[in-house]
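Comments concern the structure below.
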Amino acid sequence: MQEFLQNIINSITPWFFAHGIRIIVILVGAFIVRYFAGAMIDRIIRKAIVSKGSLSPAEEKKREDTLIGVFEGTVKVIIWAAVILMVVSELGVNIGPLLAGAGVFGLAIGFGAQYIIRDFFTGLFIILENQYRIGDVVKIGDIAGTVENINLRMTILRDIDGTVHHIPNGEIKIASNLSKEFARVNMKIGIAYDTDIEKVIKVVNQVGEEIAKDSEWKDKIIKAPEFVRIDDFADSSVIIKISGEVKPLEQWVVLGELRKQLKIAFDREGIEIPFPQRVIHQAK
């Protein structure tokens with residue numbers, strides 16, 4: 001048994017010193033290159049992206065993080081593809097025929113790769129044009145959610161139910177960003193026809209100002225919600241429109257608080273939010 005193990009060691013040792021050490025160096029070198037490449041990409045992107053006055057520091061950071069993620073992913077693929085070829089070569093496999101075969105195979109599938117190419121070009125323009133970033137809430141087709149990841153191939157969204165959607169970039173025709181620069185709270189509410197409109201305007205504007213000055217909400221609000229107009233005459237109520245501006249991603253919580261405070265104020269001031277009504281005329 002000892003002689004068997006010694007024979008194995010004697011046969012492995014020359015290979016190890018001839019190729020094994022090189023493989024270890026290749027792997028260690030790949031990790032080092034990957035680390036420094038990531039640090040360099042981070043530094044270059046942070047300095048190269050020119051700040052726009054219309055974007056907040058948080059918006060700029062989301063854009064930078066998205067670009068860094070895309071470039072790091074691309075560099076990672078290139079590095080590990082090179083490592084695999086080098087390791088295979090050290091294992092004694094002739095990579096010449098492999099590369100030639102890969103070229104022929106690539107040519108064979110090239111005619112069916114239009115969709116992949118389309119995905120890559122669309123993804124490139126989405127990123128360069130800053131249409132949306134990681135962390136934004138967007139609506140793509142019938143799907144709305146938070147952007148969890150974006151690369152040249154696809155966009156990954158997580159909707160409000162926690163479902164993850166993988167959307168090829170080439171399939172994206174219209175992308176609506178719900179969290180870029182600022183958002184609006186828009187609300188329509190019905191009041192009774194016999195209500196004093198001037199009183200309603202005063203109460204609505206007062207509620208909006210109070211929320212905007214509240215310590216819990218003032219950092220979320222850019223422009224206090226206020227009465228905009230009478231939007232419609234419905235069957236049972238006069239529809240008024242209320243609007244304001246808030247910071248990105250804050251529109252839903254601010255709108256919920258606005259509804260609550262308006263209900264409290266309307267109850268206090270005797271302003272009725274009517275139920276549907278029907279007038280019945282009895283024939284004589």
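Has region 242-249 got any residue that is farther than 29 Å from Arg63 by Cβ and among the polar types (S, T, N, Q)?
Looking for residues that are farther than 29 Å from Arg63 by Cβ and among the polar types (S, T, N, Q), one finds none in region 242-249, hence no.
Which one of these is at pLDDT 65 or above and outside the structural domain of Leu249 (by TED's automatic domain parsing): Ile95, Ile78? Exactly one of Ile95, Ile78 is at pLDDT 65 or above and outside the structural domain of Leu249 (by TED's automatic domain parsing), namely Ile78. Consider region 230-248 and keep the residues that are out of contact with any Phe, Trp or Tyr (no Cβ under 9 Å at 6 or more places or on another chain) and hydrophobic (A, V, I, L, M, F, W, C). The one that is farthest from Arg259 (Cα to Cα) is Ala234.
Just checking, which of Glu129, Glu181 is of a type in the set (Asp, Glu) and either at positive phi or in contact with a helix residue (DSSP H, G or I) (Cβ under 8 Å, 6 or more places away or on another chain) (or both)? Unique residue meeting the criteria: Glu181. Screening Gln131 on (1) out of contact with any Ser or Thr (no Cβ under 6 Å at 6 or more places or on another chain); (2) assigned by TED's automatic domain parsing to the domain that holds Lys247; (3) surrounded by 15 or more Cβ atoms within 10 Å (Cβ to Cβ) shows it passes everything except condition (2). When you check Ile230 against the structure, is it over 35 Å from the mean Cα position of the chain (by Cα) and surrounded by 14 or more Cβ atoms within 10 Å (Cβ to Cβ), yes or no? Yes: the conditions hold for Ile230.
The values are calculated or read from the model by the stated rules, or taken from the named source; none is laboratory data. On a predicted model such as this, the values are computed, not experimentally measured, just so you know. FYI the Cβ positions are ideal-geometry reconstructions off the backbone, even for glycines, and counts take in every protein chain you see.
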